[in-house]
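Structure record follows, encoded as structure tokens.
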Amino acid sequence: MPLFDYRAVDSDGRAVTGRIDALSPIDLDRRLRRMELDLIDGAPVNARRLSVSKSVPRRELIHFCFHIEHLERAGVPILDGLGDLRDSIENPRFRAIIASLVEGIEGGQTLSQALEAHPRVFGKVFVSLIHAGETSGQLSAVLHNLTESLKWEDELASQTKKLALYPAFVSAIVIAATFFLMIYLVPQLKQFVKNMGDTLPAQTQALFFVSDLLVAYWYAALALLIVLPLSLKILIDVNPLARLRFDGAKLRLPLVGEILRKIILSRFANTFALLYAAGIPILDAVRATQHVVGNLVIQRGLERVEQLIGEGQNITLAFQHTGFFPPLVIRMLRVGENSGALDEAMTNVCYFYNRDVKESVEKVQQLIEPLLTLLLGGLLGWIMLSVLGPVYDVISRIGIQA
């Protein structure tokens, strides 16, 4: 069913814009009237424009799960709950999606079937959990777990950004300072140093050579800073082997690599615990988590886990063979498997990693700040030594002759 962008007015005369599924402009008008909106104009969404549209913010999904969970517990029909939510949401894209869910359920679909029509917003794990909740009659409990999980993911994303933001900011300053010194300051001192007539030291000649290159080809240097990351991203997107090697290299990075591994495994453990607690079979739960981890190396490891469990091996040994989990986590899994509380064991694994990630991020930040300061100081020191070294030599000789 195509999507339409529309402009309309509500019963109070206020302008409303959004996006909604409709078969035709006539069907669009009918659907908006059900929402107590009067259509002004509407047009089909261009397919290309839709493909690059932004996904719904995680905070909106948290609000969605929280809202539906509490209405479900209070015995409010799902259609009434979605209708209230649709009218209260400010995000036009998500409001249109909620309106589409209402239309789908009115047409005879279940909530999970209606969610399945929006894979970019509601992923496979989300839909699988809702379906399991509907089947078992525990939809409110599943929604509560989803709410807590989304809050945790939001906090985890915040930790990841915190880890990357400061190094990126300081690296940008270092690059900008290098360009300024090499293109503006060094050329001004170059002629003065050369006029002294002495043979220049090797580090001074290297500095002037780099400066001359940047002055002559500064546009090429700037283009490389943009083209190289874009080329790498395209290569990773189109070449699975390149992505496998890149994901492996990220996990081997000093300081940061181990934290990334813990973040990925924490996300896996949390998702697996949710799926298993909802009654989804172990093999299906492992298969679903493979698309959540976001790292091809660990995804391949989970594919191996699925294969080993399918061949009859117990869960603890299957996870142990991946080599990703430390002995403490393997012991937790063994206890959970033997006691029949595997979901609680995986929740403990998630807690273990989440606490470790917070502590590790703080430690790395404390280490990165002096390291980057040392890098910037070393760069400035090299430039100053290369420029002022010959001047100091001349002054020293003059002093000796005097």
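Observations, loosely collected:
- Where ALA273 falls short, out of the listed (1) surrounded by fewer than 23 Cβ atoms within 10 Å (Cβ to Cβ); (2) hydrophobic (A, V, I, L, M, F, W, C); (3) out of contact with any Leu (no Cβ under 6 Å at 6 or more places or on another chain): (1)
- Count - residues of segment 61-93 that are crowded, with 19+ Cβ neighbours inside 10 Å, closer than 22 Å to ARG120 by Cβ and out of contact with any Gly (no Cβ under 9 Å at 6 or more places or on another chain): 7
- The helices (runs of 4 or more DSSP H) found entirely in segment 200-293 that carry 1 or more residues being in the same structural domain as TYR184 (by TED's automatic domain parsing) and touching a Gly at 6+ places or on another chain (Cβ under 7 Å) are 202-216, 240-251, 256-277, 282-289.
- Condition met for HIS63 (without any contact (Cβ under 8 Å) to a residue 60 or more places away in the chain, assigned to a loop (DSSP other than H, G, I, E, B) and under 30 Å from CYS350 (Cβ atoms)): no
- Flag for ALA164 being without any contact (Cβ under 8 Å) to a residue 40 or more places away in the chain, aliphatic (A, V, I, L, M) and at negative phi: yes
- Pairs, first within 10 Å of VAL9 (Cβ to Cβ) in segment 26-38, second in a helix (DSSP H, G or I), C-beta under 8 Å, six or more apart: ASP38/LEU32
- Filtering VAL329, VAL305 for residues that are closer than 30 Å to LEU241 by Cβ, at pLDDT below 85, out of contact with any Pro (no Cβ under 6 Å at 6 or more places or on another chain) and crowded, with 19+ Cβ neighbours inside 10 Å leaves a single hit, VAL329.
- Residue among ALA141, ALA132, ALA168 that alone is assigned to a helix (DSSP H, G or I) and surrounded by fewer than 16 Cβ atoms within 10 Å (Cβ to Cβ): ALA168
- Number of positions in segment 105-121 that are touching a residue at least 60 places away in the same chain (Cβ under 8 Å) and either surrounded by 19 or more Cβ atoms within 10 Å (Cβ to Cβ) or touching a Cys at 6+ places or on another chain (Cβ under 8 Å) (or both): 0
- Condition check for VAL394 on (1) more than 23 Å from the chain's Cα centre (by Cα); (2) at pLDDT 70 or above; (3) of a type outside the set (Phe, Trp, Tyr): one failure, at (2).
- Residues satisfying the stated conditions in segment 10-44, i.e. surrounded by 16 or more Cβ atoms within 10 Å (Cβ to Cβ) and not charged (D, E, K, R): VAL16, GLY18, ILE20, ALA22, LEU28, LEU32, MET35, LEU37, LEU39, GLY42
The values are calculated or read from the model by the stated rules, or taken from the named source; none is laboratory data. Just so it is clear, the structure is predicted and the values come from calculations on it, not from any experiment. Note that each Cβ is placed from the backbone with ideal geometry, even for glycine, and that neighbours are counted across all protein chains shown.
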